[in-house]
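Novice: Dropping a structure here in structure tokens format, bear with me for questions.
Please treat every number below as a calculation from the coordinates, not as lab data. Since this is a predicted model, take the numbers as computed values, not measurements. When we count neighbours, we look across all protein chains shown, and the Cβ atoms used for this are built from the backbone with ideal geometry, even at glycine.
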Amino acid sequence: MTNNLPSNDEIAKILEQIAELLEMQDENPFKVKAYRDGADSIRSYDESVAQLAIEKGEEALRSIPDIGEGIANIVTSYVKTGRSELLERLQGEVSPVDLFNQVPGIGEKLARRISQDLDISTLEELEQAAYDGRLQKLEGFGEKKVNNIQVSLAGMLSTSAQRSQRRSGSQKESQEQPGIKTLLSVDEEYRRKAEANKLRKIAPKRLNPEGEAWLPILNTEENGWNFTVLFSNTALAHNLNKTHDWVVIYYDKGDQEGQNTVVTETKGPLEGKRVVRGREDECREYYDRL
């Protein structure tokens, strides 16, 4: 019977593909990590995971490290049917043009313009562009159209997604964040380990035509916060040759989540120092105390 069942490596590859597609859509990095951790556990498992799923069911799969209920369900379905509905759905959602075309008021032509000119690929990024003025600067987007798009996106995006995107530059005082000392410590750890080639590297889909695994990624925990850290892979970072200077830090603790970018300041009193964008005053106070 085992001859007709997928190997552990085949199952692991399905989970890795899901992780890659989620990452392309800027999904929560901790969710992406969960699928990659599950893939690693299955690949290194001594027995046939498929056989375990057939003979003992999902509950037995959950005894494997890093395999929760959701992943166990995906594995069982794939073993029994040879398909993953989640993977197929994600494969159909990777085109930003198709995604933006779903928003009322945005046709294919405008969707393509948004994707190419603003270099964004998710509804959350589109909402941020609608609020920070970038969208209105594009040809075909007047104030009324942008306002209508904001209303449409408010209904399409979850409350948590909207909250997460609007934190950038305008976080509410009630929203807990990691302290400057913690963020700079995580930034230092990431850059040190990346330079020493001690981190796992991923091959980002965007701006990487050769498919090279160049982008180091760090998962760490400090002061009760979970962190996922990587260099910025935006078009602007590439154009300014800052892909190994700008560090994006995603953080999570309980229902608190968000992100910060740490850069080397190029002017002013903090010139040459590592600074958390949007929290420059706190950084100045931090360095003054040293």
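Novice: Would you mind ranking ARG284, ARG192 so that the residue whose beta carbon has the fewest other beta carbons within 10 Å leads the list? Numbers along the way, then the final one.
Specialist: Details: ARG284 17, ARG192 11.
Arranged by neighbour count, lowest to highest, ARG284, ARG192 become ARG192, ARG284.
Novice: Suppose R0 equals 35 Å; then what is the FRET efficiency for ASN197 and ASN4 from their Cβ-Cβ distance, rounded to the nearest 0.05? Numbers along the way, then the final one.
Specialist: On the way: r = 41 Å, r/R0 = 1.18.
Approximately 0.25, to the nearest 0.05.
Novice: Using amide H atoms built 1.01 Å from N in the peptide plane, name the residues 5+ places from ASP252, or on other chains, whose amide H lies under 5 Å from its own.
Specialist: The answer is ASN226.
Novice: Taking other Cβ within 10 Å of each residue's Cβ, how do GLU59, GLU176 sort, fewest first? Write out the running numbers ahead of the final one.
Specialist: Values: GLU59 9, GLU176 15.
Neighbour counts put them in this order, fewest first: GLU59, GLU176.
Novice: GNM, the chain, Cα, under 10 Å: largest mean-square fluctuation among GLU127, GLU16, GLU189?
Specialist: Residue with maximal mean-square fluctuation among GLU127, GLU16, GLU189: GLU189.
Novice: For ILE54, ILE42, what ranking results if the residue with the fewest other Cβ atoms within 10 Å of its Cβ goes first?
Specialist: By the 10 Å Cβ count, ascending, the order reads ILE54, ILE42.
Novice: Treat the stretch 180-289 as a sphere of radius equal to its Kirkwood radius over Cα pairs and apply Stokes-Einstein at 37 °C in a medium of 0.692 mPa s; give the translational diffusion coefficient in µm²/s, rounded to a whole number. Numbers along the way, then the final one.
Specialist: Numbers: Rh = 14.7 Å.
Reported coefficient: 223 µm²/s.
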